[in-house]
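What follows is calculated from the coordinates using simple rules that are stated; it is not laboratory data. These figures come from a predicted structure and were not determined experimentally. Please note: Cβ atoms are built from the backbone with ideal geometry, for glycine as well, and neighbour counts cover all protein chains shown.
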Amino acid sequence: MALSDVTPMPRGHAGRRKLITMTTISSALSHLECSRTGVPSDADVVQGVSDAGVPLLARYDLERAARTLTRESLAARPATLWRYQEMLPVRDPGRVVTLGEGMTPLLPLPRYGRRIGVPGLLMKDEGLIPTGAFKARGAAVGVSRAAELGVTGVAMPTNGNAGAAWATYAARAGMRCLIAMPVDAPAITRTECVAAGAELYLVDGLIGDAGRLINAAVRERAGYQEVSTLKEPYRLEGKKTMGYEIVEQLRWRVPDVILYPTGGGVGIIGIYKALREMQQLGWIGDDLPRLVAVQAEGCAPIVEAFAAGADVSRPFPDAHTVAFGITVPKALGDFLVLDAVRATDGTAIAVSDEALLAEQLLLARDEGTFICPEGAACMAAARQLRESGFIAAGDSVVVLNTGTGLKYPDTITVDVPTLAVDGVIPPRR
């Protein structure tokens, strides 16, 4: 796909000024719904998981939303995720907490795409979003809705980037923030949490161990809400806007395949939710992209469950991968990920650390974009799926890069000469 086939979106001061005009547009949020039983619950009180112990999903009055939210009306709206305000949960636009997140570029990768046999390869680059990772989407919407409902503090376990994002947006909202992360999480994410004034603890273990500490702490703290992955309903709503943006940027066409790095799975669940909502709004037809859940061989519970035909995953033993953001041995929403993949005739695939690191370096040299190891896992998966025939040469393929490689400097080995001040650079090799 050529660059001219991707719709450019307005950014900058003009877009920000238009945000003021959206104060007359309100959310069409109707209720929350148990993702397993379908039982409804009140969206206007602070909620965690459903009575069945599974995630709650936000539902909307689509007839009401469609009165103001049309494909044509979007053309005049600001280039942020809040352009889809009717299908987001914040009722009062004045309560939106924002740093300008959303509408990240959808970049053609012609040189790299030809290399791996996928000339129609595109990358949704979330590395350019505030805090440098797609987690800012969930944090913006989650913090905004929490503040609107009267929450005064948020608390969460994290593999790094989510904590950094929620700490940042909590600071923007004037809220307290409690974070626990594994000691092996990327060092820069600790710095981001501390800079934003979060109360941070490092845990000698994995994200599940951090989660148990957070859960116990929240029970003792008035005004705090636990916002762990899928234990509150609105992070998912922020993440789903990636799906809306991809389709809008492709001029209301869906790609053939979307590859997503999957740990807790909020992103791929959200993209599938967005696709279904767009079908109900009449924006797209019956055909949906094949969704691919990409994991690392060192932590692949979804891949194992998919291969076994299981509805849920089993905890993955001794989980470890350089793609730290997808080191989730057991996801609360694993059944929703598996549903999304199977409903779209997609698949789940695991790649080695060696393979993803090789693609990270190759992509940077081919296209000048330094992506996170999680995004690089999707590049390795795209190569393997092309070789297997799951991806055809003519397919339009979108890979999600979920963060900037600058947060993971240790993934690139820098072994270069040091010259004396009176030294000489050798002739070109």
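Here are a few things to note about the model shown:
- Amide H contacts of LEU88: ALA28, each under 5 Å away and 5 or more positions distant or on a separate chain (H built 1.01 Å from N in the peptide plane; Pro and chain starts excluded).
- Axial C-alpha extent at least 15 Å, average Kyte-Doolittle at least 0.0 - helices from the chain (DSSP): 161-173, 207-218, 266-280
- Label-to-label distance for GLU63 and ARG429 is 6.9 nm, based on points extended 7 Å past Cα in the beta-carbon direction.
- Projecting the Cα atoms of VAL398, LEU363, PRO409 onto the charge dipole of segment 337-422 (Cβ charges, centred on the Cα centre) puts VAL398 farthest toward the positive pole.
- Contact order relative to length of the chain, as percent, for alpha carbon pairs under 8 angstrom and 6 or more apart: 16 percent
- Assuming charge only on the beta carbon of Lys and Arg (+1) and of Asp and Glu (-1), the dipole of segment 51-176 about its Cα centre is about 360 debye to the nearest 20.
- According to the Kirkwood relation over distinct C-alpha pairs, the hydrodynamic radius of the chain is 21.8 Å.
- Using θ = phi - 60° in the Karplus curve 6.51 cos²θ - 1.76 cosθ + 1.60, the 3J(HN,Hα) couplings for segment 314-321 round to 9, x, 7, x, 6, 5, 6, 7 Hz; x is entered for Gly and Pro.
- Reachable lysines, given that their alpha-carbon falls under 24 Å from the alpha-carbon of LYS273 and they are not under 8 places away in the same chain: LYS124, LYS135, LYS231, LYS239, LYS240, LYS330
- Between VAL414 and ASP204, the modelled labels are 3.1 nm apart [label points 7 Å from Cα along Cα→Cβ].
- In the chain, taking the dipole from charged Cβ atoms about the Cα centre, the farthest positive-side position among ILE25, MET379, GLY389 is held by ILE25.
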